[in-house]
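> Structure incoming, see below.
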Amino acid sequence: MTKRIGIYNGSLDQLDKIVVSPMSRAFLFSDSIYEVIPFHKSEFIGFQAHIERLDRSAAMLDINIDINLCTQEIILLKERSQFPSGYIYYQVSRGIDQKRSHIFSGGIPETFGFAEPHKFQQSAIKVKLVPDIRWGRCDIKSTSLLGNTMQMNSADKDGCSEVIMHRDNILTEGGASNIFLVLDDVIKTPSLDQNILPGITRDLVIHTIAELDLKVMETECFVEDLKIANSIWFTSSTKGITEVESISNLETSIKKGHPIFSEVSKRYIEKFLT
Ligand code: PDD
(Lines give C-alpha, C1' and ligand atoms only; values in the text may rest on other atoms or scores of the structure.)
Protein backbone atom coordinates (compact mmCIF):
# COMPACT_ATOMS: atom_id res chain seq x y z
CA MET A 1 0.00 0.00 0.00
CA THR A 2 1.27 3.50 -0.88
CA LYS A 3 2.27 5.35 2.29
CA ARG A 4 -0.22 8.09 3.15
CA ILE A 5 1.22 11.51 3.74
CA GLY A 6 0.06 14.15 6.15
CA ILE A 7 0.91 17.67 7.18
CA TYR A 8 0.91 19.00 10.73
CA ASN A 9 1.51 22.67 11.45
CA GLY A 10 3.24 23.02 8.10
CA SER A 11 5.50 19.94 8.31
CA LEU A 12 4.96 17.16 5.79
CA ASP A 13 5.50 13.62 7.01
CA GLN A 14 4.18 10.10 6.71
CA LEU A 15 0.76 10.13 8.34
CA ASP A 16 1.65 7.48 10.91
CA LYS A 17 4.70 9.46 12.02
CA ILE A 18 2.81 12.65 12.90
CA VAL A 19 2.59 13.35 16.62
CA VAL A 20 0.03 15.80 18.00
CA SER A 21 -0.39 17.35 21.43
CA PRO A 22 -3.14 15.96 23.68
CA MET A 23 -3.69 19.59 24.72
CA SER A 24 -4.94 20.37 21.21
CA ARG A 25 -8.38 21.94 21.43
CA ALA A 26 -9.42 19.59 18.63
CA PHE A 27 -8.66 16.71 21.03
CA LEU A 28 -10.09 18.28 24.21
CA PHE A 29 -13.13 20.19 22.91
CA SER A 30 -13.63 19.41 19.20
CA ASP A 31 -12.91 23.12 18.88
CA SER A 32 -12.01 22.72 15.22
CA ILE A 33 -13.29 22.84 11.68
CA TYR A 34 -12.54 20.72 8.63
CA GLU A 35 -12.98 20.12 4.93
CA VAL A 36 -12.95 17.01 2.77
CA ILE A 37 -11.84 18.06 -0.71
CA PRO A 38 -12.12 15.46 -3.46
CA PHE A 39 -9.85 15.14 -6.48
CA HIS A 40 -10.15 12.96 -9.55
CA LYS A 41 -7.38 12.37 -12.08
CA SER A 42 -5.37 14.85 -10.01
CA GLU A 43 -7.95 17.65 -10.47
CA PHE A 44 -9.82 19.02 -7.44
CA ILE A 45 -13.62 19.02 -7.59
CA GLY A 46 -15.23 22.26 -6.34
CA PHE A 47 -11.91 23.49 -4.95
CA GLN A 48 -12.72 27.18 -4.53
CA ALA A 49 -16.07 26.43 -2.89
CA HIS A 50 -14.35 24.17 -0.33
CA ILE A 51 -11.77 26.83 0.46
CA GLU A 52 -14.46 29.48 0.87
CA ARG A 53 -16.49 27.20 3.17
CA LEU A 54 -13.38 26.53 5.31
CA ASP A 55 -12.86 30.27 5.60
CA ARG A 56 -16.55 30.80 6.50
CA SER A 57 -16.52 28.04 9.13
CA ALA A 58 -13.43 29.62 10.70
CA ALA A 59 -14.99 33.08 10.66
CA MET A 60 -18.20 31.80 12.29
CA LEU A 61 -16.18 30.28 15.14
CA ASP A 62 -13.82 33.24 15.30
CA ILE A 63 -10.80 31.03 14.54
CA ASN A 64 -8.17 33.23 13.04
CA ILE A 65 -6.93 31.17 10.07
CA ASP A 66 -4.56 32.13 7.29
CA ILE A 67 -6.64 30.89 4.35
CA ASN A 68 -3.76 31.28 1.87
CA LEU A 69 -1.56 29.07 3.99
CA CYS A 70 -4.35 26.47 4.33
CA THR A 71 -4.88 26.56 0.55
CA GLN A 72 -1.17 25.98 -0.08
CA GLU A 73 -1.06 23.05 2.35
CA ILE A 74 -4.10 21.43 0.72
CA ILE A 75 -2.56 21.78 -2.76
CA LEU A 76 0.77 20.44 -1.50
CA LEU A 77 -0.92 17.36 -0.02
CA LYS A 78 -2.57 16.57 -3.34
CA GLU A 79 0.66 17.09 -5.26
CA ARG A 80 2.70 14.91 -2.91
CA SER A 81 0.11 12.13 -2.64
CA GLN A 82 0.59 9.49 -5.27
CA PHE A 83 -3.09 8.80 -5.75
CA PRO A 84 -4.80 9.80 -8.98
CA SER A 85 -8.17 9.94 -7.19
CA GLY A 86 -8.90 10.60 -3.58
CA TYR A 87 -9.51 13.40 -1.16
CA ILE A 88 -7.69 15.74 1.17
CA TYR A 89 -8.92 15.82 4.75
CA TYR A 90 -7.92 19.15 6.26
CA GLN A 91 -8.61 20.40 9.78
CA VAL A 92 -7.86 23.56 11.71
CA SER A 93 -8.21 23.77 15.49
CA ARG A 94 -8.30 26.96 17.53
CA GLY A 95 -4.91 26.02 18.96
CA ILE A 96 -3.17 24.17 21.77
CA ASP A 97 -4.04 24.87 25.42
CA GLN A 98 -1.46 25.37 28.15
CA LYS A 99 -4.14 24.48 30.70
CA ARG A 100 -7.46 22.83 29.82
CA SER A 101 -10.02 25.60 29.86
CA HIS A 102 -13.20 26.22 27.89
CA ILE A 103 -11.97 29.75 27.39
CA PHE A 104 -8.99 29.86 25.06
CA SER A 105 -5.97 31.61 26.48
CA GLY A 106 -4.74 32.54 23.00
CA GLY A 107 -2.25 31.26 20.49
CA ILE A 108 -2.05 30.28 16.86
CA PRO A 109 -4.38 27.83 15.11
CA GLU A 110 -3.21 24.27 14.62
CA THR A 111 -3.44 22.78 11.11
CA PHE A 112 -3.52 19.13 10.12
CA GLY A 113 -4.31 17.32 6.91
CA PHE A 114 -3.77 14.11 5.00
CA ALA A 115 -4.37 12.64 1.58
CA GLU A 116 -6.49 9.51 1.16
CA PRO A 117 -7.08 7.42 -1.98
CA HIS A 118 -10.76 7.00 -2.81
CA LYS A 119 -13.09 5.55 -5.45
CA PHE A 120 -16.07 7.84 -5.92
CA GLN A 121 -18.65 5.80 -7.73
CA GLN A 122 -20.68 3.70 -5.35
CA SER A 123 -23.54 1.29 -5.73
CA ALA A 124 -26.88 1.91 -4.02
CA ILE A 125 -26.84 1.82 -0.21
CA LYS A 126 -29.13 0.78 2.63
CA VAL A 127 -29.95 3.55 5.10
CA LYS A 128 -31.82 4.13 8.35
CA LEU A 129 -34.25 6.92 9.23
CA VAL A 130 -33.27 8.53 12.55
CA PRO A 131 -34.06 11.65 14.56
CA ASP A 132 -31.69 14.55 14.09
CA ILE A 133 -30.23 15.02 17.56
CA ARG A 134 -27.52 17.55 16.63
CA TRP A 135 -26.85 21.12 17.76
CA GLY A 136 -28.24 24.28 16.18
CA ARG A 137 -25.23 25.25 13.99
CA CYS A 138 -24.90 22.40 11.52
CA ASP A 139 -24.07 24.99 8.84
CA ILE A 140 -20.57 25.15 10.37
CA LYS A 141 -18.34 22.30 9.21
CA SER A 142 -17.10 21.55 12.70
CA THR A 143 -15.39 18.33 13.79
CA SER A 144 -17.95 18.09 16.63
CA LEU A 145 -19.89 15.27 14.99
CA LEU A 146 -21.17 13.27 17.97
CA GLY A 147 -24.82 13.35 16.85
CA ASN A 148 -23.80 12.12 13.40
CA THR A 149 -21.45 9.40 14.64
CA MET A 150 -23.95 8.12 17.26
CA GLN A 151 -26.68 7.75 14.67
CA MET A 152 -24.43 6.31 11.97
CA ASN A 153 -22.98 3.70 14.33
CA SER A 154 -26.48 2.69 15.37
CA ALA A 155 -27.44 2.40 11.66
CA ASP A 156 -24.35 0.27 11.01
CA LYS A 157 -25.66 -2.27 13.55
CA ASP A 158 -28.73 -2.61 11.30
CA GLY A 159 -26.55 -3.18 8.21
CA CYS A 160 -26.95 0.41 6.95
CA SER A 161 -24.12 2.66 5.81
CA GLU A 162 -25.91 6.04 6.10
CA VAL A 163 -28.79 7.68 7.90
CA ILE A 164 -31.53 10.08 6.85
CA MET A 165 -32.12 12.48 9.70
CA HIS A 166 -35.35 14.31 10.50
CA ARG A 167 -36.38 16.90 13.04
CA ASP A 168 -40.09 16.61 13.95
CA ASN A 169 -40.70 14.75 10.66
CA ILE A 170 -38.94 17.43 8.59
CA LEU A 171 -35.94 15.96 6.75
CA THR A 172 -32.56 17.55 7.30
CA GLU A 173 -29.67 15.58 5.76
CA GLY A 174 -27.62 12.40 5.91
CA GLY A 175 -25.02 11.72 8.61
CA ALA A 176 -22.27 12.73 6.16
CA SER A 177 -24.18 13.83 3.06
CA ASN A 178 -27.08 15.87 1.70
CA ILE A 179 -30.26 14.26 0.38
CA PHE A 180 -32.40 14.59 -2.76
CA LEU A 181 -35.81 13.02 -3.43
CA VAL A 182 -37.67 12.45 -6.69
CA LEU A 183 -41.46 12.58 -6.41
CA ASP A 184 -43.00 11.85 -9.83
CA ASP A 185 -41.01 14.30 -11.98
CA VAL A 186 -40.22 16.77 -9.18
CA ILE A 187 -36.77 16.81 -7.57
CA LYS A 188 -36.70 18.12 -3.99
CA THR A 189 -33.92 18.76 -1.50
CA PRO A 190 -34.09 20.26 2.01
CA SER A 191 -33.42 24.00 1.89
CA LEU A 192 -30.36 25.43 3.62
CA ASP A 193 -32.51 27.01 6.34
CA GLN A 194 -33.16 23.54 7.80
CA ASN A 195 -29.94 23.69 9.89
CA ILE A 196 -27.89 21.58 7.47
CA LEU A 197 -24.43 21.77 5.98
CA PRO A 198 -24.39 23.69 2.70
CA GLY A 199 -22.83 20.79 0.80
CA ILE A 200 -20.51 21.60 -2.09
CA THR A 201 -21.64 18.49 -3.99
CA ARG A 202 -25.27 19.48 -3.31
CA ASP A 203 -24.55 22.75 -5.04
CA LEU A 204 -22.73 21.11 -7.98
CA VAL A 205 -25.66 18.70 -8.38
CA ILE A 206 -28.20 21.56 -8.29
CA HIS A 207 -26.26 23.20 -11.16
CA THR A 208 -26.06 19.91 -13.04
CA ILE A 209 -29.85 19.51 -12.72
CA ALA A 210 -30.37 23.02 -14.13
CA GLU A 211 -28.12 22.22 -17.12
CA LEU A 212 -30.35 19.26 -17.89
CA ASP A 213 -33.40 21.55 -18.00
CA LEU A 214 -34.81 19.80 -14.95
CA LYS A 215 -36.01 21.63 -11.86
CA VAL A 216 -35.06 21.16 -8.24
CA MET A 217 -37.07 22.61 -5.36
CA GLU A 218 -35.06 23.64 -2.30
CA THR A 219 -37.82 23.35 0.25
CA GLU A 220 -39.14 21.56 3.33
CA CYS A 221 -39.15 17.80 2.78
CA PHE A 222 -41.01 15.41 5.06
CA VAL A 223 -40.77 11.82 6.30
CA GLU A 224 -44.07 11.30 4.44
CA ASP A 225 -42.22 12.26 1.20
CA LEU A 226 -39.77 9.40 1.77
CA LYS A 227 -42.66 6.91 1.69
CA ILE A 228 -43.85 8.02 -1.73
CA ALA A 229 -40.54 9.06 -3.32
CA ASN A 230 -39.61 7.15 -6.49
CA SER A 231 -35.92 7.79 -5.95
CA ILE A 232 -33.73 9.07 -3.10
CA TRP A 233 -30.04 9.98 -3.39
CA PHE A 234 -27.22 11.31 -1.26
CA THR A 235 -24.57 13.76 -2.37
CA SER A 236 -21.19 14.34 -0.78
CA SER A 237 -17.55 14.87 -1.61
CA THR A 238 -16.81 11.20 -0.99
CA LYS A 239 -20.08 9.64 -2.22
CA GLY A 240 -20.53 11.81 -5.31
CA ILE A 241 -24.16 10.94 -6.07
CA THR A 242 -25.23 7.70 -4.45
CA GLU A 243 -28.66 6.13 -4.69
CA VAL A 244 -30.61 4.77 -1.72
CA GLU A 245 -31.54 1.13 -2.18
CA SER A 246 -33.86 0.85 0.84
CA ILE A 247 -34.64 2.38 4.22
CA SER A 248 -34.33 -0.30 6.90
CA ASN A 249 -37.10 1.05 9.13
CA LEU A 250 -39.51 2.55 6.57
CA GLU A 251 -41.60 1.13 3.72
CA THR A 252 -40.84 3.05 0.50
CA SER A 253 -41.71 3.07 -3.20
CA ILE A 254 -38.11 3.53 -4.37
CA LYS A 255 -37.19 2.15 -7.78
CA LYS A 256 -33.45 1.73 -8.20
CA GLY A 257 -32.06 3.22 -11.40
CA HIS A 258 -34.89 5.75 -11.72
CA PRO A 259 -34.50 7.62 -15.06
CA ILE A 260 -34.12 11.05 -13.40
CA PHE A 261 -31.46 9.75 -11.02
CA SER A 262 -29.67 8.04 -13.92
CA GLU A 263 -29.71 11.19 -16.06
CA VAL A 264 -28.40 13.47 -13.29
CA SER A 265 -25.84 10.96 -12.11
CA LYS A 266 -24.60 10.30 -15.67
CA ARG A 267 -24.09 14.02 -16.30
CA TYR A 268 -22.41 14.52 -12.91
CA ILE A 269 -20.00 11.65 -13.61
CA GLU A 270 -19.26 13.01 -17.11
CA LYS A 271 -18.50 16.44 -15.65
CA PHE A 272 -16.45 15.52 -12.62
CA LEU A 273 -15.52 11.86 -12.55
CA THR A 274 -14.33 10.86 -16.03
N1 PDD B 1 -19.16 15.06 4.85
N2 PDD B 1 -23.81 16.97 5.35
C3 PDD B 1 -22.93 16.51 6.26
C4 PDD B 1 -23.39 16.40 7.68
C5 PDD B 1 -21.62 16.17 5.88
O6 PDD B 1 -20.75 15.73 6.81
C7 PDD B 1 -21.25 16.27 4.53
C8 PDD B 1 -19.88 15.92 4.05
C9 PDD B 1 -22.20 16.73 3.60
C10 PDD B 1 -21.88 16.91 2.13
O11 PDD B 1 -21.05 18.01 1.93
P12 PDD B 1 -20.02 18.06 0.71
O13 PDD B 1 -20.81 17.82 -0.51
O14 PDD B 1 -19.48 19.43 0.80
O15 PDD B 1 -18.99 16.98 0.93
C16 PDD B 1 -23.46 17.09 4.05
C17 PDD B 1 -17.78 14.77 4.55
C18 PDD B 1 -17.58 14.13 3.22
C19 PDD B 1 -17.19 14.01 5.71
O20 PDD B 1 -17.45 14.41 6.84
O21 PDD B 1 -16.43 13.05 5.49
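> Answer yes if at least one residue in the range 217-227 is aliphatic (A, V, I, L, M), in contact with a strand residue (DSSP E or B) (Cβ under 6 Å, 6 or more places away or on another chain) and open to solvent by 60 Å² or more (accessible area, probe 1.4 Å), and no otherwise.
yes
> Please find, among K99, K119, the residue that is among the basic types (K, R), open to solvent by 60 Å² or more (accessible area, probe 1.4 Å) and away from the ligand (no atom under 16 Å from the Cβ).
K99
> Can you pull out every residue in the range 225-245 that is polar (S, T, N, Q), out of contact with any Ser or Thr (no Cβ under 7 Å at 6 or more places or on another chain) and over 26 Å from F44 (Cα atoms)?
Of everything in the range 225-245, just one residue is polar (S, T, N, Q), out of contact with any Ser or Thr (no Cβ under 7 Å at 6 or more places or on another chain) and over 26 Å from F44 (Cα atoms), namely S231.
> Can you work out which of the residues in the range 4-44 that are free of Cβ contacts under 8 Å to residues at least 60 places away in the same chain and within 16 Å of the ligand (Cβ to nearest atom) is surrounded by the fewest Cβ atoms within 10 Å (Cβ to Cβ)?
Across the range 4-44, the extreme among qualifying residues is F44.
> A follow-up question, please. Are there any strands (runs of 3 or more DSSP E) wholly within the range 1-50 with 2 or more residues that are over 20 Å from T238 (Cα atoms) and in contact with a strand residue (DSSP E or B) (Cβ under 9 Å, 6 or more places away or on another chain), and if so which?
In the range 1-50, 5-8, 11-14 are the strands (runs of 3 or more DSSP E) which contain 2 or more residues that are over 20 Å from T238 (Cα atoms) and in contact with a strand residue (DSSP E or B) (Cβ under 9 Å, 6 or more places away or on another chain).
> Among the candidates I74, I125, single out the residue that is free of Cβ contacts under 8 Å to residues at least 40 places away in the same chain, open to solvent by less than 40 Å² (accessible area, probe 1.4 Å) and within 16 Å of the ligand (Cβ to nearest atom).
Every option except I74 fails the conditions.
> Counting only residues that are buried (at least 20 other Cβ atoms within 10 Å of the Cβ) and of a type outside the set (V, I, T), which one in the range 79-88 is nearest to the ligand (Cβ to nearest atom)?
Within the range 79-88, the match that is nearest to the ligand (Cβ to nearest atom) is Y87.
> Which of (1) within 23 Å of F120 (Cβ to Cβ); (2) touching a helix residue (DSSP H, G or I) at 6+ places or on another chain (Cβ under 9 Å); (3) not in a strand (DSSP E or B) is the odd one out, the single condition G257 does not satisfy?
The number of the failed condition is (2).
The values are calculated or read from the model by the stated rules, or taken from the named source; none is laboratory data. It should be emphasised that the depicted structure is a prediction, and the values quoted were computed from it without experimental measurement. Virtual Cβ from ideal backbone geometry, glycine too; neighbours counted across all protein chains shown. With ligands, DNA and RNA removed, areas are computed over all heavy atoms of the protein, side chains included. Shrake-Rupley method; radii C 1.70, N 1.55, O 1.52, S 1.80 Å.
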